[in-house]
Amino acid sequence: MDVGGGADRYLWGVKHAGEHEHEHEDALEPRHLIRRSDVVLRSGILMLGAGTSGLRVREVMRAVAATVGLRRIRAEVTFTDITLTVRRRNTFRTQVEEINAPGVNAHRIALLKDFAHSLPERATVAEVDAMLDRIERTPRLYPAWLLIPLVALACASITILTNGGWREVVAVLPASALAYGVHRALSSRQLNHLAVVLTSAALATGLYVGLTRLLDLAMGDSSARMSAGLICAAIFLIPGFPLVTAGLDLTRIDLMAGIPRLTYAAMVLLAMTIGVWIVITVAGASPDPVPALTGNPVLIWLALLLASFFAVFGWAMMFNTPFWMAVASGVIGLIGNVPRLLLLDAGVKMHVATFVGCFLMGLLCAVVAKLFDMEKIIMTVPTLLVSIPGSAALRTLIYFDQADVVAATGNGVTTVLAVIAMVAGLAGARMLTDPEWAFTRSDPPGTALHFLGRLFRRPE
């Protein structure tokens, strides 16, 4: 009996059976499809983690898919995860990825948009991965020692826009600076986000109340405008990007992305107002509105214009916006806030004035983005800071706590209408300037602004 020969034939059969098994596995799920799917999903996760809308996430993923040779993809984008299905010939693959925590990085949004627009017609997975590696390793543009005073300046500027005087500005500056520093430190340790927001809001407001009391002792009397800064010291916690992108996603009936974003923004706003409310309740501070600023009209308007610029500029820098985009946002916020303030002075309702101002700011962002090759969403979100009804939201909660249902309902309605007006103004401007929002078809025609942009296009 040829035992050795039988053993050899047996081992040969096992070896080739294994090879056939691997070939069968590759036929079911080819390795090349896995690698391509991975790089497409990675690009989408980087964009989603930077805080932009679902539409822009899909744009980047489609660009990467086309470059690596995938023509048929479908992506379901929510606030924290992406479900991607890719198909090549008769084989398809579905995978899911999620981000650890919501965040905002305007510079990364700009880098990924430029990356998607500059991709070659064909590239290998390794080449695209190398490009994404460079983007992911790009450090933030500004150090904490620069951002802390800029954020404090933005909060102080909002205090002026809510009719705060010099005492309130002096108190808000250190209170918001210290609270923002603590907020960064707590966030870096990946603590519960809502708990960090509530703690930071309470700290900012507590410091502000304490500093105003010291100023009252030093001046020998109390300030009639103290309540103007109650919410402003913590205004850096406002979830601007989720709020705006939620509105834009819902405008396009992208419910899977818009509703979770809106829910998250509402939860952050609630945690923020609860933190402020706790301190105000303990301190016994009054949240009642303050009268308009009085004095030389020229100086008052100069202060309002400067406050409009620095509020938006500081907020944009906090979002890691490239410097010149932050400057452009500040100028647009200044210009767009003028008609809003004039309408409010004329007795127009807040939500009507807010709609007009945000619509104008949305148009200006689109024009500047087209002429100077900038990203609209990066410039648009910071401009909203001058229109956010933070004081009305705070008064809603406090009046409910005081069982003053009529006042609470009135302020609540004012808050909701103002937020709707903000989003509606931006959405209206976006529909006029971006065909992807104005049309639901896959090949939307250009808008009037696109034709205007061609007239100013630099020669190649």
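The values are calculated or read from the model by the stated rules, or taken from the named source; none is laboratory data. Just so we're clear, the structure is a prediction, and the values are computed from it rather than from any experiment. Cβ atoms come from the backbone with ideal geometry, glycine included; neighbour counts cover every protein chain shown.
A compact table of results
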quantity: Residue under evaluation Ala154, criteria (1) assigned to a helix (DSSP H, G or I); (2) in contact (Cβ under 8 Å) with a residue 60 or more places away in the chain; (3) assigned by TED's automatic domain parsing to the domain that holds Thr83; (4) small (Gly, Ala, Ser), criterion not met; calculated: (3)
quantity: Residues that are under 12 Å from Met47 (Cα atoms) and either surrounded by fewer than 19 Cβ atoms within 10 Å (Cβ to Cβ) or among the polar types (S, T, N, Q) (or both), drawn from the stretch 79-113; calculated: Thr80, Asp81, Glu98, Ile99, Gly103, Asn105
quantity: Considering residues of the stretch 368-379 that are under 14 Å from Gly333 (Cα atoms) and touching a residue at least 60 places away in the same chain (Cβ under 8 Å) only, the residue farthest from the chain's Cα centre (by Cα); calculated: Met379
quantity: Unique residue being within 20 Å of Ser308 (Cβ to Cβ) and either touching a residue at least 12 places away in the same chain (Cβ under 8 Å) or not assigned by TED's automatic domain parsing to the domain that holds Ile231 (or both) when the list is Val104, Val125, Val182, Val172; calculated: Val172
quantity: Set Ala218, Ala234: member being closer than 24 Å to Ala392 by Cα and not assigned by TED's automatic domain parsing to the domain that holds Met47; calculated: Ala234
quantity: Residues (within 16 Å of the chain's Cα centre (by Cα) and outside any helix (DSSP H, G or I)) located in the stretch 42-76; calculated: Ala50, Gly51, Thr52, Ser53
quantity: Output for the stretch 217-245, where each listed residue is free of Cβ contacts under 8 Å to residues at least 24 places away in the same chain and part of a helix (DSSP H, G or I); calculated: Leu217, Ala218
quantity: Unique residue being under 30 Å from Ala101 (Cβ atoms) and touching a Gly at 6+ places or on another chain (Cβ under 8 Å) when the list is Val268, Val279; calculated: Val279
quantity: When residues of the stretch 237-279 are limited to those that are crowded, with 18+ Cβ neighbours inside 10 Å and polar (S, T, N, Q), the one farthest from Thr396 (Cα to Cα); calculated: Thr251
quantity: Residues located in the stretch 79-105, provided they are under 24 Å from Ala246 (Cα atoms) and out of contact with any strand residue (DSSP E or B) (no Cβ under 9 Å at 6 or more places or on another chain); calculated: Phe79, Asn100, Ala101, Pro102, Gly103, Val104, Asn105
